[in-house]
Each structure stands twice: as C-alpha cells, then as structure tokens.
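Below is one structure; the comments refer to it alone.
The values are calculated or read from the model by the stated rules, or taken from the named source; none is laboratory data. Small disclaimer: the values here were computed from a predicted structure and weren't measured. So basically every Cβ, Gly included, is an ideal-geometry build from the backbone, and we count neighbours across all protein chains shown.
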Amino acid sequence: IQADGTDGTCVTFVLHDEDHTLGNSLRYMVMKNPDVEFCGYCITHPSESKINFRIQTRGSLPAVEPFRKGLNDLMSVCQHVLSTFE
C-alpha cells in the first residue's frame, strides 16, 4: 500500500495485486462511515493489477482511519461468512 496526498483528510491509497473484488467491497465498508465524504476507486489499466483507492473525510479526521476500519470490518464480515459456511 502506498499513500499519496498532502492533506491527511484526502488520500489516494495504491493497492497492488488487487482488483474489483477488494475495491468494491472495501468502498462499501468505508462509505458506511458517516465521517467519510467521498470514497471511490479505479483500476488504472486492465493489464495492471493495481487499484487507486481514494478517501476524503469531513473535518480533521485522517483518511487512514476509515481505511483501516473498513479493512477490519471487511475482515470481520469475511470471517463471519466463513464460519457460517463451515
């Protein structure tokens, strides 16, 4: 993961070796946070396995916090689905 941005409330995270599977799921989890003003992602080119994931927050909340919370929430949901399946 590589973060680009001068302002801590508006950051683009670059996720390597990922695609729409993680991008869309993570965007959904991050957008559930009421402090997030914008969240979106794009795949730079179909031949590259890289995602640009952008988060913009309200106020002075650093964008890395909802990013981490979204990842943790997504892992919890995946664990619940896995344990229910087993």
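In summary, strands (runs of 3 or more DSSP E) completely within the chain and bearing 1 or more residues that are surrounded by 16 or more Cβ atoms within 10 Å (Cβ to Cβ), of a type outside the set (S, T, N, Q) and touching a helix residue (DSSP H, G or I) at 6+ places or on another chain (Cβ under 8 Å) occur at 10-16, 36-43, 50-57. May I ask you to list pairs of residues, at least six apart or on different chains, whose Cβ atoms are under 8 Å apart, with the first in the stretch 27-56 being charged (D, E, K, R) and the second being outside any strand (DSSP E or B) and at pLDDT below 95? As it stands, the answer is ASP35/ARG58; ASP35/GLY59; ASP35/LEU61; GLU37/ARG58; LYS50/ASP17; LYS50/GLU18; LYS50/THR44, since those pairs meet every condition given.
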